[in-house]
Amino acid sequence: MAVRGIRGATTTDEDSEAAIIQATTELLARIAHENTIHPDDIAAAWFTTTPDLTSEFPAAAARQLGWGDVPLMCAHEMGVPASNPRSLPRCIRVLLLVNTNVPTSAIRFVYLRGAEKLRATA
């Protein structure tokens with residue numbers, strides 16, 4: 001079995017605990033659904049937020065989803081100027097490290113709420 005990285009990102013309309021939890025929950029549920037992931041398959045999850053999100057840790061949403069045994073980490077993204085095409089305000093990103101037999105070519109990354117532009121310019 002290999003460890004594969006699964007990426008995803010989303011945005012929020014505001015910097016609030018509720019908005020961060022809701023957006024992160026939506027993102028994680030969609031990634032899990034698209035890739036048929038069970039929490040026991042996840043080796044670790046790394047979350048980042050843009051510096052304008054400070055009201056809650058995105059990892060709190062994972063805990064609420066029942067990911068109690070998954071190692072979680074949160075950090076801030078670099079403060080890249082807004083003129084950069086990969087800069088997106090109020091953005092939550094995640095990298096899941098997942099134990100799976102699925103080939104890399106079959107992994108589905110998920111970008112929601114305007115974060116799709118990150119893939120178009122990456």
Worksheet item: With respect to A82, is the statement that it is assigned to a helix (DSSP H, G or I) and either at negative phi or surrounded by 14 or more Cβ atoms within 10 Å (Cβ to Cβ) (or both) true?
Response: no
Discussion item. I need the full set of residues from region 37-67 which are farther than 30 Å from A82 by Cα, without any contact (Cβ under 8 Å) to a residue 40 or more places away in the chain and loosely packed, with under 14 Cβ neighbours inside 10 Å, in order please.
Written reply: H38, D40, R63, G66
Worksheet item: Do the conditions hold for P81, that is, is it of a type outside the set (V, I, T) and at pLDDT below 95?
Response: yes
Worksheet item: Hey, any hits in region 104-121 for a residue that's hydroxyl-bearing (S, T, Y), more than 15 Å from T10 (Cα to Cα) and touching a residue at least 24 places away in the same chain (Cβ under 8 Å)?
Response: yes
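Based on what the data block shows, is A45 closer than 17 Å to T12 by Cβ and either touching a Leu at 6+ places or on another chain (Cβ under 7 Å) or polar (S, T, N, Q) (or both)?
no
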Response to the item:
Filter region 41-67 for residues that are part of a strand (DSSP E or B) and aromatic (F, W, Y); the one that is nearest to R4 (Cα to Cα) is W46
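Residues are listed down the side, and each one gets a yes or a no for (1) in a loop (DSSP other than H, G, I, E, B); (2) closer than 15 Å to L65 by Cβ; (3) among the polar types (S, T, N, Q); (4) touching a Lys or Arg at 6+ places or on another chain (Cβ under 7 Å):
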{"residue": "R4", "(1), (2), (3), (4)": "no, no, no, no"}
{"residue": "T10", "(1), (2), (3), (4)": "no, yes, yes, yes"}
{"residue": "A18", "(1), (2), (3), (4)": "no, no, no, no"}
{"residue": "T24", "(1), (2), (3), (4)": "no, yes, yes, no"}
{"residue": "I37", "(1), (2), (3), (4)": "yes, yes, no, no"}
Worksheet item: Just to be sure, is T10 modelled with pLDDT under 95, polar (S, T, N, Q) and farther than 21 Å from V102 by Cα?
Response: no
Practice prompt. Could you please let me know if V70 is surrounded by 16 or more Cβ atoms within 10 Å (Cβ to Cβ) and part of a loop (DSSP other than H, G, I, E, B)?
Written response: yes
Discussion item. Just to check your reading of the model, which residue among L118, L97 is surrounded by 12 or more Cβ atoms within 10 Å (Cβ to Cβ) and in a helix (DSSP H, G or I)?
Written reply: L118
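Applying the selection to region 1-36, what residues are exposed (fewer than 14 other Cβ atoms within 10 Å of the Cβ) and not aliphatic (A, V, I, L, M)? Show your work before the answer.
Within region 1-36, the first condition is being exposed (fewer than 14 other Cβ atoms within 10 Å of the Cβ), and the residues that meet it are 1-3, 5, 13-14, 16-18, 29, 33, 36.
Once the filter is applied, which keeps residues that are exposed (fewer than 14 other Cβ atoms within 10 Å of the Cβ) and not aliphatic (A, V, I, L, M), region 1-36 yields G5, D13, E14, S16, E17, H33, T36.
The values are calculated or read from the model by the stated rules, or taken from the named source; none is laboratory data. Only a predicted model underlies this, so the values are computations on that prediction, with no experimental measurement involved. All Cβ positions, glycine included, derive from the backbone under ideal geometry; neighbour counts span all protein chains shown.
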